[in-house]
Amino acid sequence: MKDMTAVILAAGKGTRMKSDTPKVLHELLGKPMLRYVIDAVKASGISRIIVVIGHGSGAVRDILKTEGVTAVEQKRLLGSGDAVMTAKKALGPSSGDILVICGDTPLIRKETVRSIIEKHKSSGASATILTAILKDPTGYGRIVRGSEGRIAKIVEDQEASLYEEVIEEINVGTYCFKSTDLFAALARVSDDNRKKEYFLTDVIGVLSRNDKTIESVTAEDKNEIIGINSRKDLAYATQAMKTRVMDGIMAGGVTVQDPLSTVIYPDVSIGRDTVIYSNTVIQSDVTIGSSCKIGPFTRIRPGVIIGDRVEVGNFVELVKTRIGDDTKVKHHTYLGNTTVGKKVNIGAGTITANFDGKNKNETVIEDGAFIGVGAMLVAPVKVGKEAVVGAGCVVLKGHDVPRKATAVGVPSRILKKK
Ligand code: UD1
Ligand code: CA
């Protein structure tokens, strides 16, 4: 989408989080909330993205480096209206449309961003607001409608009168504007309110008084609009995100025995007929094949690729590891930076010592190998095809076990060829 620029507001301090970390860097399932918003905006088809940063700008800038977005810094945090003003220079003289979205609403979906853009384009409105109907609208700006249901203004929670407080339609914080109308109206917004801030939301009243058309789209999914201001909001939003990810996994033909005790991060792919047993954690950047049995009590960390019909059991931790088809890793094992072949049996309590204090080193266990219980493989090391490592054996680095050989003892010695 060429004629639309997104402005993501992410400068706020997040006072209510009571944190040294900038609010938008707080994570849901291992991913900072700002990244979710950027991903949704990109997926909606917008490629020109400006992020307004301010509080903790150094740390926020760091995560933006790889995102292909423009960062502009709001020096003094004078409110969301001022934040949009800060983006004006970076926008240039473009007179196109602008999508403004808050960096603290990570559950917003690309479909919803698309629907507000579509409504904005088709109606030709000056502003199109994403709203939601909440039984408890506390904390959100309320949508005040006048005669014939036309939007008259947005009133912030702290500024709302008794009559306005009971309004259940709220401002999600995502809007489309015609940029000329937006900046003309912004110039007329004051900081005459309790927070002494320039509210972006006051633009709506200005536009309405000037008889500009204001449209709205109402979000169906109540969770999608959650704005995170506190740790409690963060916990609630994390649960909602967890459910969303889990629903997607199950829709793909995976059985999750106990969704409540299982945590699956975004960017995980799991094949059909795999069963995930209780108390399992699967982090991002993990691929699991079909017909596997994972858990209970398994932790799979990033960079893991598991084939088909693999069994990974209780108290097993995997990181940066590949496991071939039909392999079993069933009890009390740690595999890091390891490549395991097909039809391998990893005995209970096997440990790969992948870290030597300085570097992470690789372990290779080839097809059909059998690793006895309590074995320790000090990387870099290789166990050849169909080799056997005896129970309690310590294979020191560089002491590779040849194909079909049997290694026993501490440190290991080769017994015989099969
Ligand atoms: C804002 C909206 C409110 C809406 C709610 C939805 C305003 C005035 N109010 O309220 O109508 O219901 O979001 O979640 O916009 N920010 C800056 N610079 C600043 C101040 C804020 O970039 O100087 C950013 C924040 O990082 C945040 C966004 O603007 O992403 C909104 O600010 P926040 O303080 O969270 O506003 P709310 O009170 O939640
Ligand atoms: Ca907020």
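Computed quantities for the displayed model
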read-out	value
In degrees, nearest ten, helix 110-123 long axis to first principal axis of the chain (Cα)	30
Residue-averaged 222 nm ellipticity for the chain, from DSSP H runs of 4+ at -39500 (n - 2.57), nearest 500	-6000 deg cm²/dmol
Residues with amide H under 5 Å from that of ARG322, placed H, sequence gap 5 or more	ILE305, THR338, THR339, VAL340
For the range 240-414: rounded, prolate or oblate by the Cα gyration tensor [a/c cutoff 1.5]	prolate
Hz values of 3J(HN,Hα) by residue in the range 206-211 - Karplus curve (6.51, -1.76, 1.60), Gly and Pro given as x	4, 4, 5, 5, 8, 6
Rg over Rh [alpha-carbon atoms, Kirkwood Rh] for the chain	1.13
Rg(Cα)/(2.2 N^0.38 Å) for the range 4-225, N = residue count	0.95
Distribution of pairwise C-alpha distances over the range 131-226, 5 Å bins, in %	2, 13, 25, 25, 21, 12, 3, 0
Cα gyration tensor category, rounded, prolate or oblate, for the range 268-342 with a/c compared to 1.5	rounded
Selected from VAL304, PRO93, LEU130, residue furthest toward positive end of dipole (the chain; charges at beta carbon)	VAL304
Neighbourhood charge, 13 Å Cβ-Cβ cut-off, centred on THR238 and excluding it, Lys, Arg +1 and Asp, Glu -1	+3
Beta bridge orientation in the chain: antiparallel %, DSSP, nearest 5	25
FRET efficiency, ALA251 to GLU165 (Cβ-Cβ, R0 41 Å, nearest 0.05)	0.55
Simple spin-label estimate for LYS13 and ALA59 in nanometres, 7 Å along Cα-Cβ	1.5
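Every read-out reported here was derived from the displayed coordinates using simple, explicitly stated rules and does not represent laboratory data. What you are looking at is a predicted structure, and each value in this text was computed from that prediction instead of being measured. FYI the Cβ positions are ideal-geometry reconstructions off the backbone, even for glycines, and counts take in every protein chain you see.
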